[in-house]
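Down below is the structure, laid out as structure tokens.
No value in this document is a laboratory result; all are computed from the given coordinates. Everything numeric here is computed off the predicted structure, so don't read it as measured data. Positions of Cβ are generated from backbone atoms using ideal geometry, with glycine treated the same way; all protein chains shown enter the neighbour counts.
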Amino acid sequence: MNSGQHYSLRPASPEDWSLWSRFDHHLSQSGFEKKVQEKMAWILYIEDIPAGVLRWGLFWDLIPFLNLLHLGEAYRKQGLGRWAMHCWEEEMTRQGYAQVMVSTQVNEEGQHFYRKLGYRDIGAITMDFSGPGEPLEMFLAKNLRKESNTQ
């Protein structure tokens, strides 16, 4: 899956803010500190080089929802994203969740990545906070338990 490269991840710590903010431009420092405290933020590495970040929350306080998977441009298309998603899904399964969710805009390539990982489209909403014409935000979900089709 990763052509011999060593991938690793670790939970983010409060001291990681300057590193984290290089990858995640959506989260404030206080928001980051909350995610760290909740253990919902990971830093991804190729060898010992920080290559990206992954963070999540709970949709309706019930379903793990991937808020962000961002890899530095130089670290894309090397299997790290697929590997990180696998690790996240395994952790969510270990924590007892039966389903996970993600979202992406309809004009982004992420939807194809998630579908290849077994996610299915479950809906979309208009997020035109920036004004009319904003692309739809689409939601995808994946069952983690093979025998289960519901949460």
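Overview of values
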{"quantity": "Hull-based mean projected area of region 1-125, where the convex hull spans the alpha carbons, in square nanometres", "calculated": "8.2 nm²"}
{"quantity": "Sorted by Cβ density within 10 Å, fewest first, the residues K34, K77", "calculated": "K77, K34"}
{"quantity": "5 angstrom amide H check on N67, placed H, neighbours 5+ away", "calculated": "R55, W56, G57"}
{"quantity": "For region 79-110 versus region 1-66, the gap between their alpha-carbon centres in whole angstrom", "calculated": "13 Å"}
{"quantity": "Exposed GluC sites (Glu not before Pro) absent: longest stretch of the chain, with sites in DSSP loops and at most 11 other Cβ within 10 Å deemed exposed", "calculated": "48-108"}
{"quantity": "Ascending count of other beta-carbon atoms within 10 Å, so fewest first, for W17, W56", "calculated": "W17, W56"}
{"quantity": "Taking W83, W60 and counting other C-beta atoms within 10 Å, the order from fewest to most", "calculated": "W60, W83"}
{"quantity": "Gaussian network model of the chain, springs between alpha carbon atoms under 10 Å - residue of V36, V100, V53 with greatest fluctuation", "calculated": "V36"}
{"quantity": "Overall form of region 55-151 per C-alpha gyration tensor (a/c, 1.5; a/b vs b/c)", "calculated": "oblate"}
{"quantity": "Among A74, A98, A124, residue whose mean-square fluctuation peaks in a GNM of the chain (springs only between Cα atoms under 10 Å)", "calculated": "A74"}
{"quantity": "Rounded to the nearest 20 debye, dipole of region 11-151 from Cβ charges on Lys, Arg, Asp, Glu", "calculated": "460 debye"}
{"quantity": "Karplus-derived HN-Hα couplings along region 102-119 (A = 6.51, B = -1.76, C = 1.60, θ = phi - 60°), whole Hz, x at Gly and Pro", "calculated": "9, 9, 7, 6, 5, 9, 9, 6, x, 4, 5, 4, 5, 4, 4, 8, x, 7"}
